[in-house]
Amino acid sequence: LEGMSIFWINPAQVEATIVSLPNIKEVSVHCGLPNRVTIEVVERQPQVIWQQGEKRYWIDEEGTVLPARGELAEATVIVDLDERPVQPGDRVDPRVIAGAQKLRSLLPELTTVQYASHTGISFQSEQGWPVYLGQGEDIEQKVAIMKALFQEIAAKGVHPQFIDLRFKGSPYYK
């Protein structure tokens with residue numbers, strides 16, 4: 001915009017250009033006389049780390065993929081088992097992001113979870129059993145069911161291969 005006449009600046013076009021950047025959530029451009037342009041920007045706030053092999057991305061609450069810029073202290077890491085290609089500007093299901101964050105708030109010791117399209121969010125229990133939780137919905141109820149199942153499994157002396165809580169009305173272990 002530098003050097004342009006204020007009369008030739010199209011605020012909508014400037015907004016469209018700026019908002020196309022992956023880290024920008026909202027932008028507002030205002031022009032005023034004699035030669036003033038005000039640009040207000042709201043940046044996306046990374047919530048979790050999305051990991052594919054050795055590559056890491058940041059993801060905001062809306063599921064927008066952002067380039068990783070350093071480390072995110074205390075962020076939950078979601079390991080993408082499908083390893084479908086993503087790049088900054090792409091989106092992942094925001095339910096998965098919200099579900100992983102809710103799971104972390106309920107189980108603070110859980111810093112890393114996994115995600116696969118067919119099982120959703122999962123993690124390894126302390127006993128080594130995979131626990132499948134689905135796409136991120138009803139995490140509070142599923143964690144309560146999981147804790148009850150852990151007690152039942154311990155009382156029976158069972159060593160399951162996995163615990164499936166994707167469908168909270170019909171939890172299953174094998």
Against the condition touching a helix residue (DSSP H, G or I) at 6+ places or on another chain (Cβ under 9 Å) and outside any strand (DSSP E or B), how does PRO34 come out, does it pass? yes
By residue number, the members of segment 44-89 that are over 12 Å from the mean Cα position of the chain (by Cα), surrounded by 16 or more Cβ atoms within 10 Å (Cβ to Cβ) and closer than 19 Å to VAL27 by Cα are ARG44
Exactly one of ARG69, ARG56, ARG104 is in a helix (DSSP H, G or I) and closer than 22 Å to ARG44 by Cα, and that one is ARG104
I'm checking my understanding of the structure. Among residues of segment 155-174 that are more than 27 Å from the chain's Cα centre (by Cα) and open to solvent by 80 Å² or more (accessible area, probe 1.4 Å), which one is nearest to TYR115 (Cα to Cα)? GLN161
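Can you find even one residue in segment 17-29 that is within 21 Å of TYR115 (Cα to Cα), without any contact (Cβ under 8 Å) to a residue 40 or more places away in the chain and among the small types (Gly, Ala, Ser)?
No; the residues of segment 17-29 include none that is within 21 Å of TYR115 (Cα to Cα), without any contact (Cβ under 8 Å) to a residue 40 or more places away in the chain and among the small types (Gly, Ala, Ser).
The values are calculated or read from the model by the stated rules, or taken from the named source; none is laboratory data. This one's a predicted model, so the numbers in the text were calculated from it and none came from an experiment. Cβ atoms come from the backbone with ideal geometry, glycine included; neighbour counts cover every protein chain shown. The protein model used for the area step is the full one, side chains on, heavy atoms only, and it has no ligands, DNA or RNA in it. Shrake-Rupley method; radii C 1.70, N 1.55, O 1.52, S 1.80 Å.
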